[in-house]
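Following: one structure in structure tokens, then a few remarks.
Here, each number is a calculation from the coordinates, and none is a lab measurement. Worth saying up front: this structure is predicted, and the values here are computed from it rather than measured. Here the Cβ is made from the backbone with ideal geometry for all residues, glycine too, and neighbour counts use every protein chain on show.
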Amino acid sequence: MKQFRGRVAVVTGGASGIGKALARAFLGEGMKVVIADVEAPALEKAAQELGGPVLGVVTDVSKPESVQALADRVYAELGACHVLCNNAGVGVPNLDVWETEPSDFQWVYGVNVFGVAHGIQAFVPRMLASGEEGFVMNTSSGDGGISPLAQQVVYASSKAAVSILTECLAAQLVGRGTKLRAAIFYPAGGLLHTGIWTTKRNRPQALARQQAVDPSRETSFEAFLEGAKKAGFELPVQDLDALAQHALEGIRNEDFVIMIGRETMEATLRERAAKLARGECPIELQHMGLG
């Protein structure tokens with residue numbers, strides 16, 4: 001997809017972090033941008049800060065009717081969607097599987113997995129019907145799609161699902177001879193200062209945990225950096241605007257995998273495959289890792 005100017009981009013989770021950076025990058029290319037987010041105040045603030053032709057729509061991606069309403073508004077007001085970024089995501093504290101509760105999976109999968117599916121279901125049929133070229137970019141994570149961390153079972157497994165879902169989508173779009181393409185976006189390049197560190201602020205009360213989580217299992221971005229430093233790790237922090245520009249180029253090139261340092265995954269995946277082929281578990285418990 002080479003031409004962006006005058007076209008329409010829709011970004012879920014667009015009020016902050018990576019989503020907001022993507023919106024800014026699209027605006028820089030002369031696109032009309034729709035940012036969707038569950039947080040109304042943050043959405044309004046982001047739309048004002050971004051300026052330009054930005055439409056903010058309060059959306060709960062875990063609810064299909066909410067995403068359908070988003071698509072209805074996009075097509076009613078802007079008439080099209082050319083780039084769809086299913087980017088909204090949440091996470092829960094690091095827990096052993098037997099310590100998780102059903103609501104942990106219901107919430108995280110509702111946003112991270114169902115949210116992507118709902119976006120595809122609401123937008124792709126209309127994108128196909130338009131006959132125009134288009135692009136769907138689903139945000140996954142190396143923690144899940146490439147090398148999952150054992151202690152992040154809920155989040156990692158949800159992102160693994162997003163990766164496979166996107167592989168299937170991409171194959172179907174090409175196999176059916178459509179003008180749409182799809183990509184997995186693996187945010188990388190360093191530690192990411194995004195809202196994923198504080199997503200519990202948006203956890204619905206109906207999906208609250210019954211048992212409180214030990215505060216030591218939760219940490220802020222700043223505390224994580226400090227803890228890593230004390231442990232002897234100097235972790236780079238990835239600039240989100242630079243990350244968004246990298247994603248933009250991936251869309252322009254119609255890459256299926258969009259990731260800074262993409263070439264480094266081969267060795268990781270080869271080692272993972274070798275362990276599986278030997279009948280071994282490919283991951284070990286790590287005491288510190290990046291989500």
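What ranking do HIS246, HIS82 get, fewest neighbouring Cβ atoms within 10 angstrom at the top?
In increasing order of surrounding Cβ atoms, one gets HIS246, HIS82.
Just to confirm the number: angle between the C-alpha axis of helix 102-112 and the first principal axis of the chain, 0 to 90 degrees, nearest 10?
Approximately 40 degrees, to the nearest ten.
In what order do THR166, THR268, THR100, THR59 fall by count of nearby beta-carbon atoms within 10 Å, going from fewest to most?
In increasing order of surrounding Cβ atoms, one gets THR268, THR100, THR166, THR59.
What angle, in degrees between 0 and 90 and rounded to the nearest 10, separates the Cα long axis of helix 64-77 from the longest principal axis of the Cα atoms of the chain?
Between helix and principal axis, roughly 30 degrees.
Just subtract the alpha-carbon distance of GLN205 and GLU99 from 0.36 nm times their residue separation and send over the number in nm, one decimal.
36.2 nm
Please compute the net charge surrounding VAL124, taking Lys and Arg as +1 and Asp and Glu as -1 over other residues with Cβ under 15 Å from its Cβ. Could you put the intermediate results ahead of the total?
Numbers: positive: ARG126, ARG176, LYS179, ARG181; negative: ASP72, GLU132, GLU133.
That works out to +1.
Read phi for every residue in the range 22-39 and hand back ³J(HN,Hα) as whole Hz from Karplus 6.51 cos²θ - 1.76 cosθ + 1.60, θ = phi - 60°, with x for Gly and Pro.
4, 4, 5, 5, 5, 4, x, 8, x, 8, 8, 10, 10, 10, 10, 7, 7, 9
Among (i) 125, 72, 32; (ii) 73, 52, 33; (iii) 50, 42, 34, find the value of Cα extents along the principal axes in Å that was calculated from the structure presented, and write down its label.
(iii)
Starting from the Cα of LYS179, draw a straight line to each of the lysines and keep only those under 17 Å, dropping any in the same chain fewer than 8 residues away.
By straight Cα distance, LYS179 reaches LYS2.
Is the range 1-88 best put as rounded, prolate or oblate by its Cα gyration tensor, with a ≥ b ≥ c the root eigenvalues, rounded for a/c under 1.5, and otherwise prolate when a/b is larger than b/c, oblate when not?
Here the range 1-88 falls in the oblate category.
Exceeding 28 Å between C-alpha atoms, which entries from my cross-link table qualify? They are LYS45/LYS200; LYS45/LYS229; LYS229/LYS275.
LYS45/LYS229; LYS229/LYS275
Would you mind checking the tilt of helix 240-253 against the longest principal axis of the Cα atoms of the chain, expressed as 0 to 90 degrees and rounded to 10?
With rounding to tens, the tilt is 60 degrees.
Can you sort ILE196, ILE184, ILE35 by how many other beta carbons sit within 10 Å, fewest first?
Least crowded to most crowded, the residues run ILE196, ILE184, ILE35.
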